[in-house]
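The values are calculated or read from the model by the stated rules, or taken from the named source; none is laboratory data. Note that the structure is predicted; figures quoted are calculated from it, not measured. Cβ coordinates were reconstructed from backbone atoms using ideal geometry, including for glycine residues, and neighbour counts include every protein chain displayed.
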Amino acid sequence: MAKKKTFVLRVNPETMQAVERWAADDFRSINGQLEWIIHNALKNAKRLKKISEK
């Protein structure tokens, strides 16, 4: 399994509630949902390196 880095994230209560609902709708943990959101944002912005570019 790949190593993961931990960090503190501060969000307002309304944002957190929205993420919690979204995670529940997608049957994910809140952490899993945040990882998915970040991954998709990076992919859409073309900020992820392709495997051959590492």
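Computed values, structure above
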{"quantity": "Residue satisfying all of: in the chain; exposed (fewer than 10 other Cβ atoms within 10 Å of the Cβ) and among the acidic types (D, E); nearest to the chain's Cα centre (by Cα) among these", "calculated": "D25"}
{"quantity": "Near pairs, Cβ below 8 angstrom, 6+ apart or cross-chain, from segment 4-23 (under 13 Å from E35 (Cα atoms)) to any residue that is part of a loop (DSSP other than H, G, I, E, B) and modelled with pLDDT of 95 or more", "calculated": "V19/V11; A23/S29"}
{"quantity": "Which numbered condition I30 fails, given (1) modelled with pLDDT of 95 or more; (2) out of contact with any Asp or Glu (no Cβ under 8 Å at 6 or more places or on another chain)", "calculated": "(2)"}
